[in-house]
1. With the requirement that a residue be in contact with a helix residue (DSSP H, G or I) (Cβ under 7 Å, 6 or more places away or on another chain) and surrounded by fewer than 21 Cβ atoms within 10 Å (Cβ to Cβ), what does region 278-288 give you?
2. Going by the structure shown, is residue 255 without any contact (Cβ under 8 Å) to a residue 12 or more places away in the chain, surrounded by fewer than 24 Cβ atoms within 10 Å (Cβ to Cβ) and outside any helix (DSSP H, G or I)?
3. Of the residues 55, 43, 76, 59, only one is out of contact with any strand residue (DSSP E or B) (no Cβ under 6 Å at 6 or more places or on another chain), under 30 Å from residue 170 (Cα atoms) and modelled with pLDDT of 75 or more; which?
4. Look at region 258-305 and say how many of its residues are outside any helix (DSSP H, G or I), under 16 Å from residue 130 (Cβ atoms) and without any contact (Cβ under 8 Å) to a residue 60 or more places away in the chain.
5. How many residues are within 14 Å of residue 264 (Cα to Cα) and surrounded by fewer than 18 Cβ atoms within 10 Å (Cβ to Cβ) when one looks only at region 126-138?
């Protein structure tokens, strides 16, 4: 029986190679595969970092710690959590599992969401990369920091005011005892990585497909229309799903667009992109993503326009 199975498999692979090989060498497919692999390779190290931090929070940090660090009033805890994003060098892939771990340990969801948005946008690595990508333009770095932090805090406050418990699925915390903390850490890390990694792949597949489908010539022709160019670059940031440590170099290369449009690209990207939407939906539920994503996207565009008008 086994030889027949092997022969059938070999025949299937041979026929498939003959039929599909000419199509697999198409330039569009090569571009698609390159973008998909680049997104995943770029994001996985930060996803691992975020999963490790989330597992460490779950296994080693007592719930009482967050009550001591963050203000007790939710509206005061939101800006504190947003500013705390300065200390974690990571991208949006890392922020989702970390925010999930914070919520599971009793942190107010609004504060955890403010941290989720701020961390990939205002950490030192991102700000330095922005300064390198825009040499001699310190106002672009300042504008990115101010706009990103403002969006994170405003989104947290709005969620605190309008959010409902049924819209957000908070992962149940593990309850490790003193003798099994490392076991709980490894178990939580393995579970979260497999769970979040699947949604990262889905987001990467979607982003790669959109990169190939949308003609670049359309973007160039739209760069001369001020308001439309802001919206176009904001949507492009969602579709490209570039890691926040690298998006400034892409924004700097878009020379046909205004500084305010580039700022919108830099603010929207770390907060709303395809892989992040997939990660949020998989971690916190589709009901959450359906409400939080439009809220964040709208705030990011409005704040970017206002900050760009003042500083740029």
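The values are calculated or read from the model by the stated rules, or taken from the named source; none is laboratory data. Nothing here was measured: the structure is a model prediction, and the numbers come from that model. All Cβ positions, glycine included, derive from the backbone under ideal geometry; neighbour counts span all protein chains shown.
1. Correct list: 281, 282, 287.
2. Working: without any contact (Cβ under 8 Å) to a residue 12 or more places away in the chain: yes; surrounded by fewer than 24 Cβ atoms within 10 Å (Cβ to Cβ): yes; outside any helix (DSSP H, G or I): yes.
For residue 255, the condition - without any contact (Cβ under 8 Å) to a residue 12 or more places away in the chain, surrounded by fewer than 24 Cβ atoms within 10 Å (Cβ to Cβ) and outside any helix (DSSP H, G or I) - is met.
3. Details: 55 fails: modelled with pLDDT of 75 or more; 43 fails: modelled with pLDDT of 75 or more; 59 fails: modelled with pLDDT of 75 or more.
On inspection, the qualifying residue turns out to be 76.
4. Going residue by residue through region 258-305, those that are outside any helix (DSSP H, G or I) are 258, 269-273, 285.
Still in the running and under 16 Å from residue 130 (Cβ atoms): 269-271.
Next, only the ones that are without any contact (Cβ under 8 Å) to a residue 60 or more places away in the chain stay: 269.
Of the residues in that region, 1 qualify.
5. First pass over region 126-138, keeping only residues within 14 Å of residue 264 (Cα to Cα): 130.
Checking which are surrounded by fewer than 18 Cβ atoms within 10 Å (Cβ to Cβ) leaves us with none.
Final tally of qualifying residues: 0.
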